[in-house]
1. Between residue 8 and residue 24, what is the label-point separation in nm under the 7 Å Cα-to-beta-carbon projection?
2. How fast does the range 3-58 diffuse by Stokes-Einstein, in µm²/s, taking the Kirkwood radius from C-alpha pairs at 37 °C and 0.692 mPa s?
3. Which residue, 45, 16, 27, tops the fluctuation ranking in a GNM of the chain built on C-alpha contacts under 10 Å?
4. Report the full-extension gain for the segment residue 45 to residue 58: residue separation times 0.36 nm, less the Cα-Cα distance, to one decimal in nm.
Amino acid sequence: MSRASDDRVLNMVKMRSAGRTTVEIARKYGVTAGLVSKVTNKVMRDDIAHCGEKVAARYWERRT
């Protein structure tokens with residue numbers, strides 16, 4: 001991934017963490033809501049795997 005692509009994904013994570021919906025984020029970036037969900041959930045999973053569950057609270061509400 002390029003730096004620009006990384007920055008875009010991180011901005012999606014920030015927006016989602018701030019309560020924006022995947023549909024809203026998708027519209028902003030011209031992608032599907034499914035893609036937003038996929039890439040942001042991957043960031044969250046990777047972060048939790050690396051840092052532990054303590055970081056989970058920094059993300060959006062998750063369905064279990």
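1. Between residue 24 and residue 8, the label points sit 2.1 nm apart.
2. On the way: Rh = 11.5 Å.
Approximately 286 µm²/s, per Stokes-Einstein.
3. Judging by the Gaussian network model, the answer is 27.
4. Working: separation 13, 0.36 × 13 = 4.68 nm, distance 1.21 nm.
Net length gain for the segment: 3.5 nm.
Every number in this text was worked out from the coordinates using simple rules, so none of it is lab data. Note that the coordinates shown come from a computational prediction; the quantities given were computed from them, not determined experimentally. Backbone-built Cβ (ideal geometry, glycine too); neighbour counts: all protein chains shown.
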